[in-house]
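Step one of this worksheet: look at the structure below.
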Amino acid sequence: MRETTYFILAALQDGPLHGYAIIQRASELSTGRIRLATGTLYTALERLTGTGLIRVVDEQIVNGRARRSYELTPTGGAALKDHAEQLAAAARVVTERRVTRTVVRPA
Amino acid sequence: MTRVERRYARLVRLYPARYPREEILDTVLQVNGAFRVREATALIAGAMRARTGADVQRTPSEFAFSAARLAALALLVYAAAKDVLEAVPLDVRAVVTAPDGLVQFAVVSLCALVLHLTAMVALSRGAHRLAAIAAVLALPVATVAQWRHGMPWGADGYWATPLAALLTVVLLFAPRRERSSPLFWLLAVVPAIVVLPTGSGQYLGPSWFIQQQMLLILVTVALLWSFVDARVPLAVAAVFACNVLTGFLVVLISGYLGDGAILLGLAITTLPAIALVAAATLSRRRSLI
């Protein structure tokens, strides 16, 4: 899973959001590292909807334009959790490293 | 509608109708008060991905099969362009002066053309079995047609037929059948006669010049297109691989290396293919989503 995809899914873990809110939330969660362009976001949303990781949950008309909200599916939630555990395990390799030194004594 | 809104709306209209165009416009206007190049580029790239099918999530094996399909279609266009050139009596002087054989070779080329076009239409419609049968049958037919000039494997564009046949056979194992309109590929045959190295320069004088310039443009466009779709540079690389194979075989069979100029020529022929494969690999690895 790419980092961008990870943060899009992570943005949806607290509930459904529409496009602009996903961009904002992904930026917050990544402390500003992920700045999604709208074109990139909608390509990702189309892919994630196609693979069943997210789904459209609501559609409202705001300022005369349709605005849909997306939410994580159970599959998407599980995929996000799996990936987060992989990242955590990878992080532990560094953060919980035990320093072992072999002392070589002169004969 | 403001000026900024109008400019973004024009870009959003590039997306296919199945995309939520209004919602994309709404989002882009919420994010940006002004027109930004970064957003505009992302919208164009997104629309191109959606139009070309590059937006579909693919596993590495699905990607490989999809790229093989595009490469096979590009090679079939190349092979068909070569057939048109051989089937149509463009070389009037040769027709007049040739004692015999020329008409027979033209008829064989016409058969190869029918088989290549059948394979092309079948493959684009997702009929992989028919495509493989037609492409494999075209192999001996195109080889006989090329014998008109002597050694077939040394002729410009000959290798498009065996490579296309190989890829269509590989595609029989594809788990998913992709479908698209055959019209684009059929129309592409006409410019391919002059643009690709088909040997058309022998009959159509300006072709030598056009081909040199167009090949350079083709490589540049394919390299740029790798940002949108990594399959396209691979398909163009397959076309270049035909020239590389022709060059290497001519050197191998003739055993003549010259004073280094031939090796340099081969290296120059190989370079675009390597660059295109490298661009496709990078694009796939550095994809944002």
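The values are calculated or read from the model by the stated rules, or taken from the named source; none is laboratory data. Just so it is clear, the structure is predicted and the values come from calculations on it, not from any experiment. So basically every Cβ, Gly included, is an ideal-geometry build from the backbone, and we count neighbours across all protein chains shown. Calculation scope for accessible area: heavy atoms of the full protein, side chains included, ligands and nucleic acids excluded. Shrake-Rupley method; radii C 1.70, N 1.55, O 1.52, S 1.80 Å.
Summary of values
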{"item": "Meets criteria (more than 9 Å from chain B (Cβ to nearest Cβ), in contact with a helix residue (DSSP H, G or I) (Cβ under 8 Å, 6 or more places away or on another chain) and surrounded by fewer than 16 Cβ atoms within 10 Å (Cβ to Cβ)) for A:G52", "result": "yes"}
{"item": "Matching residues in region B:36-85 - criterion: being among the polar types (S, T, N, Q), open to solvent by 10 Å² or more (accessible area, probe 1.4 Å) and assigned to a helix (DSSP H, G or I)", "result": "B:T41, B:T52, B:S61"}
{"item": "Subset of region A:1-46 that is touching a residue at least 40 places away in the same chain (Cβ under 8 Å), of a type outside the set (G, A, S) and within 7 Å of chain B (Cβ to nearest Cβ) - its residue that is surrounded by the fewest Cβ atoms within 10 Å (Cβ to Cβ)", "result": "A:T4"}
{"item": "Restricting region A:49-99 to residues that are in a strand (DSSP E or B) and of a type in the set (K, R), the residue that is nearest to A:G15 (Cα to Cα)", "result": "A:R55"}
{"item": "Test: B:T118 is among the β-branched types (V, I, T) and either part of a loop (DSSP other than H, G, I, E, B) or under 15 Å from the mean Cα position of the chain (by Cα) (or both)", "result": "no"}
{"item": "Filtered residue count, region B:81-107, keeping only those that are of a type outside the set (G, A, S) and at pLDDT 85 or above", "result": "3"}
